[in-house]
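Everything on this sheet refers to the single structure shown next.
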Amino acid sequence: FPVTISIECEIYGIDISEVAIAKAKEKGLEVINCDGSKIPFEDSTFDYVVLMEVLSHLVDPEIVLKEIRRVLKPNGILMGSVPHANLEKYVWDDKRKHRDYYQEPELRDFLEKEFSYVYTRTLKGAQFAVAMAQSFMADQPAEMLFKCGNGAISDWESDLKADDLTRVWFGPTQL
């Protein structure tokens with residue numbers, strides 16, 4: 001059963017879609033119309049930035065990463081995800097309006113241009129989506145998660161073993 005907790009924090013969002021902005025505002029979220037190339041916040045504003053499934057759609061992701069680095073506090077963390085190149089190659093034939101697909105070494109190299117600490121994790125098809133569990137993609141790379149920053153951040157395994165962390169699943173359940 002779901003458990004509701006209350007954590008005091010401020011949440012802001014940016015998007016270029018008026019439809020997405022309107023839906024977010026209906027839910028009481030503060031969302032600004034912005035493409036990410038010039039984020040309208042002061043330097044060192046945010047503790048965390050979440051960038052889920054965005055990098056692959058951007059015209060100039062380097063500029064957006066520079067802006068994210070700018071608005072992150074010195075020990076701030078960027079967390080995000082991108083589809084693995086295998087999804088375009090083997091699963092999706094409509095390009096999904098993606099400009100780039102990444103493989104893990106190239107994603108890591110790309111992120112390391114802006115951040116001193118970069119951790120990536122590649123999910124295989126069966127880990128990414130129940131629908132892929134019985135397909136040829138079950139044991140093939142399908143999705144990549146990343147966590148980066150310029151302050152000392154811990155790797156995935158250290159985070160999982162730490163007893164003092166609050167763990168939050170922010171995706172839809174697939175079961």
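The values are calculated or read from the model by the stated rules, or taken from the named source; none is laboratory data. Because the structure is a prediction, the values reported are computed rather than measured. Cβ atoms come from the backbone with ideal geometry, glycine included; neighbour counts cover every protein chain shown. Just the protein is used for accessible areas: all its heavy atoms, side chains included, with ligands, DNA and RNA removed. Shrake-Rupley method; radii C 1.70, N 1.55, O 1.52, S 1.80 Å.
Solvent exposure of Lys89, expressed as accessible area, is near 140 Å², computed with a probe of 1.4 Å over the protein chains only. Close lysine pairs were tallied over the stretch 1-143: pairs 8 or more places apart or on different chains with Cα atoms under 28 Å apart number 28.
Placing unit charges on the Cβ atoms of the charged side chains and taking the dipole of the stretch 1-139 about its Cα centre, the candidate lying farthest along the positive direction among Ser81, Phe46, Ser17 is Ser81.
Note that the stretch 5-83 presents 64 Å² accessible area per residue, ligands and nucleic acids not counted, probe 1.4 Å. With the convex hull constructed from alpha-carbon coordinates only, the stretch 1-138 shows a mean projected area of 10.6 nm² over all directions.
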